[in-house]
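Visitor: Can you read through this structure? Questions will come right after.
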Amino acid sequence: MQDTRLKTGILGLNETGQVLLEAACGVDYLQVEAVADKDAELAERLASEHKCTAYDDYRQLVIQNQLDCLLVAAGLYSCDEYVRAAIKKKFNVLKAAPAGRGFEEAAELVRLAEDEGVKFAVANWRRFAKSYLALRDFLQEGRIENVFLVTGVRTSGDKAQPGWHSDPKLAGGGVLLRDCYELVDEMVWNFGVPGHVYSVITNQAGDRQKRLYLTEDTALVTLKFTDTFIGNLVVSRAFGPGQELLKVYGKDKVLTAGSNQFNVSDGLGRIEEERRYGDDELCCMKKLLENFALSILAPEENQLVSSGRENLKNMAVIESAYLSARTGMAEEPGRIFQMGSVA
């Protein structure tokens, strides 16, 4: 393994960007060299705290530095060309979820990174959360039989959203893409790509014309994995309180995973096993960044978790959901994913 630390920059110092910054500063294999945000005062303050260089221009950070890693928290609408430029400069890129504003954009970034021989990954930090890892271990150990249903619920409560999230062109989508991505990732990671997806989306805008220009704030998605195994997702910003739950139903057990808990109950809802954890987003992000760094420094011994190519499966499921909402018919994410695989 190389002795040097990976020179790292961060684009965007929103809430996620600040978590990435703090996490990166806590990973031995990374050295934060530069941060950028359009809020110059914020960039200067955080750069001073973490002893790195501040920029208020994403382009300048990319062209003035030769980095090993670029962590991207800014919306792609504001920095897509600079992310591409970074990849062409041989920067390894870790992007905050989602992988792109749409399947094709994500696929283009994945293909560009593969062509340039660098990593492109997505920060699905829940893959490192102890509650979701407990769920995965339970499934892989075969401790639940005849799984026939998986359900996910995500509500944002009164959490503030940036204004651009309501613009379809800038955001690419609403709650399905922005709020539900990690739950989709957990489903696909554990159970594979569903054969068919059907969805209905809406928002609370007062008139039909306005709804056409706003991203959805509420969505219901049905997933068919096999003839005997189905799933659904309910996600909304329109009601609270904020919560996230993933449930797996089997022959005689129900598994429930949330942000800091994992429960096993019987078919009547009586809890047989209950675990609570103290890890949070920052803790999980540190583990994710350590994996990302080691996959660059010693790829033979450290497989990258949540690669861009793997995340195209998530994007195909979400793309199918949006397509289904337009056509009123069930759609096949496998076909969309195949397009990205063979291009």
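What follows is calculated from the coordinates using simple rules that are stated; it is not laboratory data. All values reported here derive from a predicted model rather than from experimental measurement. Don't worry about glycine lacking a Cβ; one is built from the backbone with ideal geometry, like all the others, and counts go over all protein chains shown.
Visitor: Quick one: putting +1 on the C-beta of Lys and Arg, -1 on the C-beta of Asp and Glu, what dipole do you get for the chain around its Cα centre, in Debye to the nearest 20?
Guide: Details: 40 positive and 50 negative charges, 111 e Å.
Roughly 540 debye for the chain.
Visitor: As a check on your grasp of the helix formula, calculate [θ] at 222 nm for the chain: sum -39500 (n - 2.57) over DSSP H runs of n ≥ 4, divide by the residue count, round to the nearest 500. The partial results should precede the final answer.
Guide: Numbers: 13 runs with 137 residues, N = 343.
Dividing the helical sum by the residues of the chain leaves -12000 deg cm²/dmol.
Visitor: Okay, next question. If the elastic network links every pair of Cα atoms under 10 Å, which of Gly269, Gly231, Gly117 fluctuates the most in the Gaussian network model of the chain?
Guide: Evaluated over the chain, the most mobile residue of the options is Gly269.
Visitor: Using a 10 Å cut-off around each Cβ, can you sort Trp189, Trp125, Trp164 from fewest to most neighbouring Cβ atoms? Walk me through the numbers before you get to the answer.
Guide: Values: Trp189 19, Trp125 27, Trp164 13.
Ascending number of Cβ neighbours within 10 Å: Trp164, Trp189, Trp125.
Visitor: Compare Ala160, Ala97, Ala113 in a GNM of the chain, Cα atoms joined below 10 Å, and give the one with the largest fluctuation.
Guide: Comparing Ala160, Ala97, Ala113 in the GNM, the peak value goes to Ala160.
Visitor: Which of the GluC sites (Glu not before Pro) across segment 271-343 are loop residues per DSSP, with 10 or fewer other Cβ within 10 Å? Numbers along the way, then the final one.
Guide: On the way: sites: Glu272, Glu273, Glu274, Glu281, Glu290, Glu300, Glu301, Glu310, Glu319, Glu331; in loops: Glu300, Glu301.
Those that pass, being in a loop and sparsely packed, are Glu300, Glu301.
Visitor: Which one, Ala24, Ala54, Ala238, has the greatest fluctuation when you compute a Gaussian network model over the chain with C-alpha springs under 10 angstrom?
Guide: For the chain, modelled as a Gaussian network with Cα springs under 10 Å, the answer is Ala238.
Visitor: Along its three principal axes, how long is segment 94-143 when you only count alpha carbons? Whole Å, largest extent first please.
Guide: 41, 21, 16
Visitor: How do Thr8, Thr327 line up, fewest other C-beta atoms within 10 Å first?
Guide: Working: Thr8 30, Thr327 10.
Going from least to most buried by this count: Thr327, Thr8.
Visitor: Return the subset of Lys7/Lys95; Lys88/Lys130; Lys90/Lys287; Lys224/Lys247 for which the Cα-Cα distance in this structure is over 26 Å, preserving the input order. Show your work: numbers first, answer last.
Guide: Numbers: Lys7/Lys95 16 Å; Lys88/Lys130 36 Å; Lys90/Lys287 23 Å; Lys224/Lys247 16 Å.
Distance filter (> 26 Å) returns Lys88/Lys130.
Visitor: Give the aspartates and glutamates whose C-alpha is closer than 15 Å to that of Lys119, dropping any in the same chain fewer than 8 places away, or say none.
Guide: Straight-distance partners of Lys119: Asp68, Glu108, Glu290, Glu300, Glu310.
Visitor: For Arg178, Arg326, Arg5, which order do you get if you count the other beta carbons within 10 Å of each Cβ and list the fewest first? Numbers along the way, then the final one.
Guide: On the way: Arg178 21, Arg326 10, Arg5 16.
By the 10 Å Cβ count, ascending: Arg326, Arg5, Arg178.
Visitor: Another question, then. Starting from segment 24-86, pick out the trypsin sites (Lys or Arg not before Pro) whose DSSP state is loop and whose Cβ has at most 16 other Cβ atoms within 10 Å. All intermediate terms of the calculation are to be shown ahead of the outcome.
Guide: Numbers: sites: Lys38, Arg45, Lys51, Arg59, Arg84; in loops: Lys38, Lys51.
Passing both the DSSP loop test and the Cβ count: Lys38, Lys51.
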